[in-house]
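Read through the structure below, which is laid out as structure tokens, and then see the notes.
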Amino acid sequence: MNQASFNHSLLSFLDDSPTPFHAVSTMKCELLAAGYEELVEQQEWVISEGGKYFVTRNDSSVIAFTTPTLDFAHQGFRMIGTHTDSPCLKLKPNAHVERFGYHQLGVEVYGGVLLHTWLDRDLSIAGRVTFKAEDGSLKSRLVDFKDPIALVPNLAIHLSRGVNTDGFKVNPQEEILPILCGAEHTLDLEKLLIEQIQSEYDDISVSSILSFELSLYDVQKAAITGLHGDYISAARLDNLLSCYVGIQALLNADASRPTLLICTDHEEVGSQSSCGANGPFLEDVLRRLSPVPEQYTQAIQQSMLISADNAHALHPNYATKHDQLHAPLINQGAVIKVNNNQRYATNSETAAVYKDIANELGLPAQTFVVRSDMGCGSTIGPITSGEIGVATLDIGLPTFAMHSIRELAGSVDAFNLYKILVAFAKRDQLISA
């Protein structure tokens, strides 16, 4: 795989994954095509040496792994961790709002959204809908309207004269409600969802909609941009970019040690859920692979996790927001994240392993430390490390406009991180005693 084909497939993955449900569905198809066997949590597992497996939870989290050996206690695992969710606007259960002759959608802000970036964008709707079928069964299906059907228009400057000088704030209850375009006369949201399900699934007849988890998203396609194609511009780079890099590394590593890819939901809101990093999903899988307690502990202590989540690139218009000695640049290498207050899980040994791999490949690595007078974000790294006790490194690809509706990262960085993660999956030596 070369950089051009890698990035071309990345764009398709981003466009096909407007929600965590769709991201997992997309990864599931790729894993099945690569010969991975799907496991079901409610059933007994039979794991064989030389096998390739994956399991999903809540349709929004997936763990995929290889078992070239079943001697987990002595071989350990090479783990890559990411998250599938991104900040967005989600529909409330009673979403239909009718005001002044317009039909609008009541939304709840999910995660740390840069709200103003959602104004004047062509929006569509996607997610999971649960319904009662005509045969009386309860079913869930993913839907994606794909077409631009909603918009949150800005207020004209003539009615907001001070917007460019006095600051701009968006009230999430009153001022971010999308207008559902083309529904000026009548709107039955349940009927609209039924029609959408039946247009996407020919074999289903829907009796009634019972519930849904639907998100708005920008329909603008992901793109390679820049004079020399140096940038990736897209929605949901945080953190679908890492999901894509991780799954490509897993599929192409052909490692002799057991390798796991963990893509969990709800990181943007704290990971506290049954399918989040602060829930039992990963430990449940690992204990089924290594059910003897002593051997389980041995396996974890032979393992290492690389938690991959986007990093803040130095913004030239806001350079003072960075510690100047720890200010990552786009396309100058993935970023090792360090925080002595444990907002990141990196330590000197895990950082050394990563730097050694990068040096062997002749690839750059950068370091990020937040300014001492600013708060620091976090990742699934400290959560996972604290939950199962695995040595962990936090890294990320430098990114502009994180949590905007459209983010920007480097096309060179993504491919280079893929090469490093492939080498990590194959690596035998970590830190010697």
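The values are calculated or read from the model by the stated rules, or taken from the named source; none is laboratory data. Values in this document were obtained by computation on a predicted structure and should not be read as measured data. Glycine gets a Cβ as well: all are built from the backbone with ideal geometry, and neighbour counts include every protein chain shown. For accessibility, only protein heavy atoms count, side chains too; no ligands or nucleic acids. Shrake-Rupley method; radii C 1.70, N 1.55, O 1.52, S 1.80 Å.
Going by alpha carbons, how many degrees (0 to 90, nearest 10) lie between the helix axis of 189-200 and the longest principal axis of the chain? Between helix and principal axis, roughly 50 degrees. The angle between the Cα long axis of helix 348-361 and the longest principal axis of the Cα atoms of the chain comes to about 90 degrees, rounded to the nearest 10. Around the Cα centre of the range 151-286, unit charges on the Cβ atoms of Lys, Arg, Asp and Glu (plus for the first two, minus for the last two) sum to a dipole of about 480 debye. The Kirkwood radius of the range 212-349, taken over pairs of alpha-carbon atoms, gives through the Stokes-Einstein law at 20 °C and 1.002 mPa s a diffusion coefficient of 117 µm² s⁻¹. Extending 7 Å from the Cα toward the beta-carbon at both ASP373 and SER160 defines two label points whose distance is 3.0 nm. Solvent-accessible surface of the chain, averaged per residue with a 1.4 angstrom probe and all protein chains in place: 45 square angstrom. Grab the DSSP H runs of the chain that are 4 residues or longer, score each as -39,500 (n - 2.57), total them, divide by all residues and round the 222 nm result to the nearest 500 deg cm²/dmol. Here the helix-only value at 222 nm equals -8500 deg cm²/dmol.
Kindly identify the range 1-77 as rounded, prolate or oblate by the Cα gyration tensor criterion: order the square roots of the eigenvalues as a ≥ b ≥ c, call it rounded if a/c is under 1.5, otherwise compare a/b with b/c, prolate if a/b is larger, else oblate. Oblate, because a/c is 1.5 or more while a/b does not exceed b/c. Counted residue by residue at 0.36 nm each, then reduced by the alpha carbon distance between them, the extension gain from LYS221 to SER12 reaches 74.3 nm. Here the dipole of the chain is about 880 debye; that uses its Cα centre as origin and unit charges on the Cβ of Lys and Arg (positive) and Asp and Glu (negative). Here the label points at SER207 and ALA33, each 7 Å from Cα along the C-beta direction, are separated by 3.7 nm in the simple model. Separation of the alpha carbons by more than 20 angstrom is noted, of LYS132/LYS191; LYS92/LYS221; LYS92/LYS191; LYS221/LYS419, for LYS92/LYS221; LYS221/LYS419.
A simple charge model with +1 on the Cβ of Lys and Arg, -1 on the Cβ of Asp and Glu and nothing else charged puts the dipole of the range 349-433 at about 180 debye relative to its Cα centre.
Projected label points at VAL46 and HIS116, each 7 Å from Cα along the beta carbon direction, are separated by 6.0 nanometres. Using bins of 20 Å that start at zero, the share of Cα-Cα pairs per bin across the chain amounts to 25, 55, 19, 1, in whole %. Taking 0.890 mPa s as the viscosity and 25 °C as the temperature, the Stokes-Einstein diffusion coefficient of the range 318-433 based on its alpha-carbon Kirkwood radius rounds to 163 µm²/s. What the Cα atoms of the range 150-281 give is an Rg and a Dmax of 21.4, 65 Å.
In the range 160-191, which residues have a backbone nitrogen under 19 Å from the label point lying 7 Å from GLU108's Cα in the Cα-to-Cβ direction? Backbone N within reach: 171-178, 190. Helix 20-33 and the longest principal axis of the C-alpha atoms of the chain enclose an angle of approximately 50°. Partners of LYS426 within straight-line reach, counting lysines whose Cα lies under 20 Å from its Cα and excluding those fewer than 8 residues away in the same chain: LYS52, LYS355. Looking at the chain alone, DSSP beta bridges between its own residues are antiparallel in about 70 percent of cases.
Straight-line cross-link reach from LYS28 at under 14 Å between alpha-carbon atoms covers these aspartates and glutamates, not counting any fewer than eight positions away in the same chain: ASP16, GLU37, GLU38, ASP59.
Compactness of the range 121-200, taken as the C-alpha radius of gyration over 2.2 N^0.38 Å, stands at 1.52. Under conditions of 37 °C and 0.692 mPa s, the range 276-355 yields 210 µm² s⁻¹ as its translational diffusion coefficient, taking Rh as the Kirkwood radius over Cα pairs in the Stokes-Einstein equation.
Between SER432 and SER199, residue separation times 0.36 nm minus the direct Cα-Cα distance comes to 78.1 nm.
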